[in-house]
1. Give me the net charge of ARG139's neighbourhood, meaning all other residues with Cβ under 15 Å from the Cβ of ARG139; Lys, Arg count +1, Asp, Glu -1.
2. Count charges around PHE158 for me, please; just the other residues with Cβ under 10 Å from its Cβ, Lys/Arg as +1, Asp/Glu as -1.
3. Quick one: work out the % antiparallel among DSSP beta bridges in the chain, nearest 5.
4. Report the charge-dipole magnitude of the chain in Debye, nearest 20, computed about the Cα centre from +1 at each Lys and Arg Cβ and -1 at each Asp and Glu Cβ.
5. Leaving out ligands and nucleic acids, note down the accessible area per residue over the chain with a 1.4 angstrom probe, in whole Å².
6. Tell me what the chain gives for mean residue ellipticity at 222 nm when only DSSP H runs of n ≥ 4 count, each as -39,500 (n - 2.57), the sum divided by the residue total, rounded to 500 deg cm²/dmol.
7. Could you work out the relative contact order of the stretch 52-172? I mean the mean sequence separation of Cα pairs under 8 Å and 6+ apart, divided by the number of residues, in percent.
8. Mind listing the phi-derived Karplus ³J(HN,Hα) values for the stretch 112-121, rounded to whole Hz, using 6.51, -1.76 and 1.60 with θ = phi - 60°, and x for any glycine or proline?
Amino acid sequence: RMIAEVPETLAPARALFTACAYVEEAILADYILESESREVGGVAGTFVIPVTIDDLTANGLLGADHPQTCWERSVETLTARKDDIAGLAVASDERIEAYLLYVKHETEGTEIMSLRSFIEDGGARLKQLLARLGMGTFRFPKVHPAEISKDCLETLGFRPAGGHRLYAARARSD
């Protein structure tokens with residue numbers, strides 16, 4: 001399977017992939033959060049801890065059931081870049097309930113690599129994690145619709161900032 005993630009603004013490139021029998025599978029949205037320092041109370045019975053890719057893998061949270069993402073944030077890419085990625089998690093005495101993986105860039109702000117909650121709480125745990133990052137600009141590029149909902153991201157304060165089209169094709173032997 002071959003995939004291409006083409007910026008929406010590049011109409012000629014999108015036309016080329018369509019002409020080459022690639023099929024558009026999804027629209028990947030870019031999001032930005034301009035965060036001012038804010039305090040968000042914790043969720044009762046939980047605490048925030050540092051977490052690594054290895055920790056998430058050991059707890060079965062990065063695997064076959066991981067939602068579809070762009071290639072930069074696939075499980076394989078996260079694993080390959082694990083030394084560059086920092087993380088935080090909301091944990092209870094029983095399990096990790098939400099996590100945030102990120103990379104801080106000196107000039108571009110912070111890039112969100114993964115943002116996931118395993119508890120339906122209206123985004124409270126994710127807000128708690130984002131607040132721990134402090135203030136600044138947070139980019140969450142190429143978000144697949146299966147990864148996290150637009151409504152959830154908007155509840156967290158993210159706003160749309162462009163997008164990409166995901167095209168796929170299968171290699172054929174002629």
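1. Cβ neighbours under 15 Å give a net charge of -3.
2. On the way: positive: ARG139, LYS150, ARG159; negative: ASP30, GLU34, GLU154.
Counting the neighbours of PHE158, the net charge comes to 0.
3. On the way: 38 of 40 bridges.
So the antiparallel bridges in the chain amount to around 95 percent.
4. Working: 19 positive and 27 negative charges, 68 e Å.
So the dipole magnitude of the chain works out to roughly 320 debye.
5. Working: 9480 Å² over 174 residues.
In whole numbers, the chain has 54 Å² accessible per residue.
6. Working: 5 runs with 36 residues, N = 174.
When only DSSP H runs of four or more count, the value is -5500 deg cm²/dmol.
7. Values: 143 pairs, mean separation 24.8, N = 121.
That works out to 20 percent.
8. Rounded to whole hertz, the list is 7, 9, 7, 9, 9, 10, 9, 10, 7, 9.
The values are calculated or read from the model by the stated rules, or taken from the named source; none is laboratory data. Note that the coordinates shown come from a computational prediction; the quantities given were computed from them, not determined experimentally. Positions of Cβ are backbone-derived with ideal geometry, glycine not excepted, and every protein chain shown enters the neighbour counts. Calculation scope for accessible area: heavy atoms of the full protein, side chains included, ligands and nucleic acids excluded. Shrake-Rupley method; radii C 1.70, N 1.55, O 1.52, S 1.80 Å.
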